[in-house]
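Bear in mind these aren't lab numbers, they're just calculated from the coordinates by the rules spelled out. Just so we're clear, the structure is a prediction, and the values are computed from it rather than from any experiment. FYI the Cβ positions are ideal-geometry reconstructions off the backbone, even for glycines, and counts take in every protein chain you see.
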Amino acid sequence: MSVSEVLGARIKKVRKEKGFTQDEMASKIGCARMSYVHYENAKRTPDIDFLVRASNVIGCSTDFLLGKAECSTPDNEEIHRQLGISEGTINALKILNEYAIRLPPNKLILDTINILLSTFKGKKILNLLSDYLYGDFSAGYVSPKDSTTQKNGFTHIYFKTRPGNPGRIEKFPSEMMRELILMKLLETLHDIYISGGEANAQQESE
């Protein structure tokens, strides 16, 4: 995409998120409606004055509007660069943390996230969930030295053996593999539950 196309797509997305019409957006930025429509539709390239005023109205950086940053603010962009999580995830975590004291369910969600990211069983759940969603199945039933491929509804697993041995390939119905992963996922969740949740799970990881 060109810079004009990125700019147009981003100001349009933010405008709709904020519930503004094109007339309202043009008025807030201080430009003619047709000029704004041309910018949003990537028919014209705006000048720096428009970029600065648009970023102030939207509440984002000019780098975000130009496609040089993935997140709308420098703080979120720095978190994204360090952790690789999306701006939507960053904002959701900020909201959960902000209301954690007043809204107990938010505190429980944060506790759950901490378990998933900082304990052995929590990471196992994330691996299994990834396998289930994306059909990789490597974390659940395949060792790191082996590999899997998907073909015609079957999961083909290449089992490597000792060096110089060609190994062997076995295939299993992908839906069967997905059901096995789901069973293992539920089993691991139950293990965390009966172990007392966060406290015991944290001790396990130490």
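Below 15 angstrom from the Cβ of Gly19, what's the summed charge of the other residues (Lys, Arg +1; Asp, Glu -1)?
Net charge in that neighbourhood comes out at +3.
Just to check I understand the Karplus step: with θ = phi - 60° and J = 6.51 cos²θ - 1.76 cosθ + 1.60, what whole-Hz values come out for region 3-20, glycine and proline as x?
4, 4, 5, 5, 4, x, 5, 6, 5, 5, 4, 5, 4, 5, 4, 8, x, 8
Quick one: compute the contact order of region 3-67, relative version, from alpha carbon pairs under 8 angstrom and 6+ residues apart, as a percent.
45 percent
Grab the other residues whose beta carbon is less than 13 angstrom from that of His190, score K and R as +1, D and E as -1, and report the net.
+1
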